[in-house]
Number of protein chains: 4
Amino acid sequence: MKTIAVLTGGGDCPGLNAVIRGVVRSAVGTHGWRVIGIEDGFDGLLSGIKTRELDLKAVRGILQLGGTILGTSNHGNPLHYPVMEDGEVHWMDVSSQVVEHFNSIGADALIAVGGDGTLKIAQRLYELGMNVVGIPKTIDNDLKATDVTFGYNTAVGVVTEALDRLHTTAESHHRVMVVEVMGRDAGWIALESGISGGADVILLPEIPFSIEKVCAAIRRRRERGGRFSIVVVAEGASALDGEQVVQESANNRRGGVDRLGGIGEQVAGQITQCLDMEVRTVVLGHLQRGGTPSPFDRILGTRFGVKAVDLIADGDFGKMVALRGRSVVSTTLAEAVGSLNLVPAHGEMVQAAEKLGIMLGR
Amino acid sequence: MKTIAVLTGGGDCPGLNAVIRGVVRSAVGTHGWRVIGIEDGFDGLLSGIKTRELDLKAVRGILQLGGTILGTSNHGNPLHYPVMEDGEVHWMDVSSQVVEHFNSIGADALIAVGGDGTLKIAQRLYELGMNVVGIPKTIDNDLKATDVTFGYNTAVGVVTEALDRLHTTAESHHRVMVVEVMGRDAGWIALESGISGGADVILLPEIPFSIEKVCAAIRRRRERGGRFSIVVVAEGASALDGEQVVQESANNRRGGVDRLGGIGEQVAGQITQCLDMEVRTVVLGHLQRGGTPSPFDRILGTRFGVKAVDLIADGDFGKMVALRGRSVVSTTLAEAVGSLNLVPAHGEMVQAAEKLGIMLGR
Amino acid sequence: MKTIAVLTGGGDCPGLNAVIRGVVRSAVGTHGWRVIGIEDGFDGLLSGIKTRELDLKAVRGILQLGGTILGTSNHGNPLHYPVMEDGEVHWMDVSSQVVEHFNSIGADALIAVGGDGTLKIAQRLYELGMNVVGIPKTIDNDLKATDVTFGYNTAVGVVTEALDRLHTTAESHHRVMVVEVMGRDAGWIALESGISGGADVILLPEIPFSIEKVCAAIRRRRERGGRFSIVVVAEGASALDGEQVVQESANNRRGGVDRLGGIGEQVAGQITQCLDMEVRTVVLGHLQRGGTPSPFDRILGTRFGVKAVDLIADGDFGKMVALRGRSVVSTTLAEAVGSLNLVPAHGEMVQAAEKLGIMLGR
Amino acid sequence: MKTIAVLTGGGDCPGLNAVIRGVVRSAVGTHGWRVIGIEDGFDGLLSGIKTRELDLKAVRGILQLGGTILGTSNHGNPLHYPVMEDGEVHWMDVSSQVVEHFNSIGADALIAVGGDGTLKIAQRLYELGMNVVGIPKTIDNDLKATDVTFGYNTAVGVVTEALDRLHTTAESHHRVMVVEVMGRDAGWIALESGISGGADVILLPEIPFSIEKVCAAIRRRRERGGRFSIVVVAEGASALDGEQVVQESANNRRGGVDRLGGIGEQVAGQITQCLDMEVRTVVLGHLQRGGTPSPFDRILGTRFGVKAVDLIADGDFGKMVALRGRSVVSTTLAEAVGSLNLVPAHGEMVQAAEKLGIMLGR
């Protein structure tokens, strides 16, 4: 009988519990193995060892729960970990300590579920001799090695529902509504939910925008009788060099508290200046991460979990599971990390958006 | 054959279209009258006359649409209207002009749908001899004359769904999540959605809060193993006199752009200072107004619309429709306006919340 | 320290877990009592004693779960219980045995959550000297002693959502869609969800219908350009005496399997015969009972649970909690049972429906 | 300026309006063409010519509407059309008449949106010289030429939500719940929604089932403490040869009225006989077709619509649009038709389901 361990790292994401359940039902139920859950991501192998038994009962009823029953952590990166020495903080690679702690719990293999950061750690641990299998998780859909990841579909659903809501209020009040959504590097959430939610303007990190052209587009729309406009802005979008975007709000961030004034507020401020219309800003923030996963994400997370167990059964380590077309396949961790899936600025979907009459800021 | 007119004033609210549809189907379909829709609230009778015909076809498919097909306006208050004279703006009561414009469209009676402001105008017009009937609309549920208004139920639903979502992400990351919701004077949305969404702390306008006690409550919860907390704050909540609440953010508001930093951000800042936990803020804002009305609001809006037509058929003017227990009744506009329905600070629902272990800031 | 027990009887209903959580958080958290959960309704005090400890942890995360964590039973009616004697089944009142079993678990009082049947048993046990408090539960909203019960709002929501869905498919295919919903004696679900979901015809148990008039109404609607119709039928609706309604389908029921062919199918069959239109039937059945409770039901269930604990704290037994207007109050069990809340055939809501142009079968 | 026409054929499907809107916004808004909508599928080119102008205004607000604003028809198959001759009905190929009617409306090209049947007609018309482009539509996801079609994702969502609901009621009452879902030839909806909704047994058309083994699985589950079971049955599932499945219910179908007793009821009947548990059946039927399309389906439908216009702009006729991986591509109509996408009985997803402990009837 094998013993395997599983941990979830990075920002939480709808579908993580589906992965955990898939791992446990396949490993325990079908293979007769034992599964140990490591708590709070790699923290659970660093600042002490925090584990819990994951039997079939432990995963009952979690398929439709958002978040992760194991907890997660954005802090505990063993490749760059704060160690106090001589009264000073040194940032060190403490991977070998993770390996030691991992060995002490008596597991034969580890399934690490996480984004680019977590997968890099997984790759490092694999190089150090650990039996590691990775499962990609990125709510932004910004990983190149898989067609899509779980969580993304749910996030697009949350944003679309919000846009549906904001449409009616924008229309009733003849307003411009600026909606800031997730996406630091990749604008997929903004692009797809913008198409799905009937946005008039979509601003992506991949396409620097001209605020002047945005205003012109809204003005044109108004002249044709459109009495409101919906602008979707990815948090990583930015104006073209040389354009003035109000910057004060960036100074209002406070340690520990999320910045509330971001690119959305800046864009709203600019539109207020160039057009004589009421403008309102909505920052969707954490709403996009939480809640019941969509069926798509439940299924994908489940398949990923089962596939990861398959890889362990085959002794096929250093791999990551991925979706390609209709199939769940595997790829090497080495190939998977560090390669971002950005929105092609002249790809089919961007072109489709422009043919629909959506303004992309250029 | 009678001709009647209908307008919607103030902030938009799920269920307004159900009202309009109820009015039209009853007036046109059953009574054989003609219905004229006045656009953009009282604006449609002030800055020119903006109307549209409302026949049965015009209200098809609108029952489940949020907002109002007639548009609304927060600006056009005829009791206090900006008039240019000698190069200066004077604020004047231009009600008599509204009456004139109204008479010119040839309607026998007006149904005015709106909040306290709109109903006050309606009462004034009634005093000036117009045949007016009012329908109350307040998303905050802050009108005393009716047990409940449409829109409120939908808003509580939106907030509850958001709290459900934020729960899973708060739990996964061991965070304090501060959620700012609507409610300037009355904290009903915060109180009911807080109970419904399993909040740990609820801060209402009616109960000035001690931030120290809030922090103590979260600390106590953490010591008992609760690794996250959900704090719901009504936008009108405020700290007890003498307590320091960070105030800078209030200065960050910009004309035309909604303030993003409000009481929610302030409370989050304070909690960050008194507790060593990650705190995140979410401002639900306009999400609470928009979108498909809940069945409760569709039914109540519909019944209100039908009842208003009944009152006109009976020549019973100067009245407002209201819900009492299971029945839709009428009351005088005079009684209805100016009397707020606040959360009783020691009422049954507040006591129930406290017995559940929810902290109300005192 | 007191020990109290709680059980849930009859058909399941969204909001039962909110009640249980409200009871436990108030009794354990605020009063410092102990709470024992009795499993599977009165079965748990009859065929053996089945209980479980309900501490604060046991009710975590259940607020948004449908059903009841305690289980329920439609069978174990102690007032009419099958006892084998001399090889024959005798139906007997075994209430005294329930009292005995109840005394053996050492609880000071019982909270019984259920419909008319459960409340009658509660009243009987109270007469036998048990400290009983009742909480009404009826998804049909057919209890007179309370303005409304939890579960009903969720059910109306499920039906409305289904009607929204069926509208688009009916319209695309120019069909008549017959939708059978819950309501054996009281037609509230059919009436309210019919209004909310834009039904064209609503058939209630309280108003015997003429199929001829139903067909005439659909024909008239079609002549005016309405290319589809939605007919909502309560399962307890029936045709006027003398009218022929196809009856074979009633004979197709099989023991243990729900009848699939009921009044909905009969009405559909009749419409097919009198009109040359495609007719489809949908039986919503168990979908109406399950799933996440609406905020309204979570709040009402929670308040009921807290109030029941209040009554026990006051030693106020033989009572049932109820909603009146905006307040949760108490009434005697004796008054509460046996008095049905039917739809008044000429009440305000029925009249409103008819003024909207909805056909009620007469 | 070109003039193009668009029609929707076959069963309605969420996302059809997104296609129509995508076609119009791209063709009218970007290319400056004219778009004619043909009503009720090929009926609109057969029994008279029924068209309507589709300008930008005609498609406002339809993105989130289920069904099709153009109407559809299951009857008007021009390859097999009833023609009265000498008092008898002859079934004839009347394609040439469609071509004639089409030519008379002055359109340069036709976009035909539909399933296998519609696409076959499109291919025939193309062979007769018409400029035709096809867009695949199949709610069952049973077309081989595209990775997935719009509508399918929404249907899986509806079924999953129903399973979530039924779970809680099944659990509270310790029942077996049999849920019949769409899927005559292909079991994708049953398989994916079964995985997503946590089903215990899934029966597909592609895997003939043994009712004995189904009963054994449920019995085993019960022995391990699982007090309820969820069985998902595709409408096209069937028992292994030689097994007795109750057949009477099949005889209860009535002309014009949907059969309510189908495979779901049969399976429920069998389980009732072999196990001593309460069994309930729910037939989801038309609920799976209707309602607001999911974001996935809105986006896919929109992209398909835009791509079809691209093909016309390129003069690339006789083609069908399709999704492959992340890209929308084109394929020939000839290749697309007649090739079904069935669930591979030993493919990755079926194996994943079995590793999760789901019973597939074998």
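The values are calculated or read from the model by the stated rules, or taken from the named source; none is laboratory data. Source: prediction; values computed, not measured. FYI the Cβ positions are ideal-geometry reconstructions off the backbone, even for glycines, and counts take in every protein chain you see. Quick note on the areas: whole protein, heavy atoms, side chains included, nothing else; ligands and nucleic acids left out. Shrake-Rupley method; radii C 1.70, N 1.55, O 1.52, S 1.80 Å.
Numbers below:
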{"quantity": "Centre separation in Å (Cα based) which lies between the range B:187-234 and the range A:92-123", "calculated": "37"}
{"quantity": "Accessible area (Å², per residue) of the range A:155-290, counting only protein heavy atoms and a probe of 1.4 Å", "calculated": "32"}
{"quantity": "Chain A - Rg and Dmax from Cα coordinates, angstrom", "calculated": "22.3, 71"}
{"quantity": "Percent of C-alpha pairs per 5 Å bin, the range C:155-290, short to long", "calculated": "2, 11, 21, 25, 21, 14, 5, 1, 0, 0"}
{"quantity": "For chain A, share of DSSP beta bridges that run antiparallel, in % to the nearest 5", "calculated": "35"}
{"quantity": "Shape call, the range A:143-216: gyration tensor on alpha carbons, a/c limit 1.5", "calculated": "oblate"}
{"quantity": "The range D:304-331-the range C:293-362 distance, computed between alpha-carbon centres (Å)", "calculated": "57"}
{"quantity": "Net charge dipole size for chain C [Lys, Arg +1 and Asp, Glu -1 on Cβ; Debye, nearest 20]", "calculated": "1200"}
{"quantity": "Estimated FRET transfer efficiency (D:Met84, B:Asp55; beta-carbon r; R0 45 Å; 0.05)", "calculated": "0.65"}
{"quantity": "DSSP-defined beta bridges in the range D:155-290 - what % are antiparallel, rounded to 5", "calculated": "5"}
{"quantity": "Choice from D:His286, D:His90, D:His31 with maximal GNM fluctuation in chain D (Cα, 10 Å cutoff)", "calculated": "D:His90"}
{"quantity": "Computed over chain A: relative contact order in percent, which uses C-alpha pairs under 8 Å that are six or more apart", "calculated": "22"}
{"quantity": "Loop GluC sites (Glu not before Pro), the range C:1-87 (other Cβ atoms within 10 Å of the site Cβ: 12 or fewer; DSSP)", "calculated": "none"}
{"quantity": "The protein assembly as shown - charge dipole about Cα centre, Lys and Arg +1 at Cβ, Asp and Glu -1, debye rounded to 20", "calculated": "0"}
{"quantity": "Computed E for D:Asp93/C:Lys213 - FRET, C-beta separation, R0 45 angstrom, nearest 0.05", "calculated": "0.50"}
{"quantity": "Set of lysines near C:Lys319 by C-alpha distance (under 21 Å), chain-local residues within fewer than 8 positions excluded", "calculated": "B:Lys355, C:Lys2, C:Lys120, C:Lys137, C:Lys144, C:Lys307"}
{"quantity": "Exercise: per-residue mean of other protein chain Cβ atoms within 10 Å, C:326-332", "calculated": "2"}
{"quantity": "Cα lying deepest toward the dipole's positive end in chain D, options D:Val328, D:Trp91, D:Trp188, charges on Cβ", "calculated": "D:Val328"}
{"quantity": "Where no second cysteine Cβ lies under 4.7 Å, the cysteines concerned in the protein assembly as shown", "calculated": "A:Cys13, B:Cys13, C:Cys13, D:Cys13"}
{"quantity": "Solvent-accessible area, 1.4 Å probe, carbon plus sulfur percent, for the range C:155-290", "calculated": "41"}
{"quantity": "Listed residues A:Leu79, A:Val59, A:Ile121: farthest to the positive end of the dipole of chain A (Cβ charges)", "calculated": "A:Val59"}
{"quantity": "Per-residue mean of C-beta atoms belonging to partner chains within 10 Å, peptide A:101-114", "calculated": "0"}
{"quantity": "For the pair B and C, total buried accessible area rounded to nearest 100 Å², probe 1.4 Å", "calculated": "3500"}
{"quantity": "Axis-proximal residue, chain B, for the rotation superposing B on C (Cβ, Å)", "calculated": "B:Gly325, 2"}
{"quantity": "Gaussian network model of chain D, springs between alpha carbon atoms under 10 Å - residue of D:Gly76, D:Gly115, D:Gly226 with greatest fluctuation", "calculated": "D:Gly226"}
{"quantity": "Nm distances between copies for C:Leu240, ranked from closest, using label points 7 Å along Cα→Cβ", "calculated": "5.7, 7.0, 7.4"}
{"quantity": "Cβ-vector label at 7 Å, B:Gln97, separations to other copies in nm", "calculated": "6.5, 7.4, 8.3"}
{"quantity": "1.4 Å probe, heavy atoms, protein only - residues of the range D:163-195 losing at least 40 Å² accessible area vs chain alone", "calculated": "D:Asp164, D:Arg165, D:Thr168, D:Thr169, D:Ser172, D:His173, D:Ile195"}
{"quantity": "Structure-based [θ]222 nm, chain D - -39500 (n - 2.57) summed over DSSP H runs of at least 4, per residue, nearest 500", "calculated": "-10000 deg cm²/dmol"}
{"quantity": "Dipole moment magnitude, nearest 20 debye, the range B:155-290 about Cα centre, only Lys, Arg, Asp, Glu C-beta charged", "calculated": "280"}
{"quantity": "Helix runs (DSSP H) in chain C reaching 20 Å along axis by Cα, Kyte-Doolittle at least -1.0", "calculated": "C:152-173, C:295-313"}
{"quantity": "Residue of D:Gly325, D:Gly198, D:Gly114 that the Gaussian network model of chain D assigns the largest fluctuation, springs spanning Cα pairs under 10 Å", "calculated": "D:Gly325"}
{"quantity": "Distance between modelled label sites at A:Leu340 and C:Met1, nm, 7 Å Cα→Cβ extension", "calculated": "5.7"}
{"quantity": "Distances in nm from D:Ala345 to the matching label points in the other copies, shortest first (labels 7 Å along Cα to Cβ)", "calculated": "5.3, 5.9, 7.4"}
{"quantity": "Global geometry of the protein assembly as shown, whether rounded, prolate or oblate, following the gyration tensor of its Cα atoms and the 1.5 cut on a/c", "calculated": "rounded"}
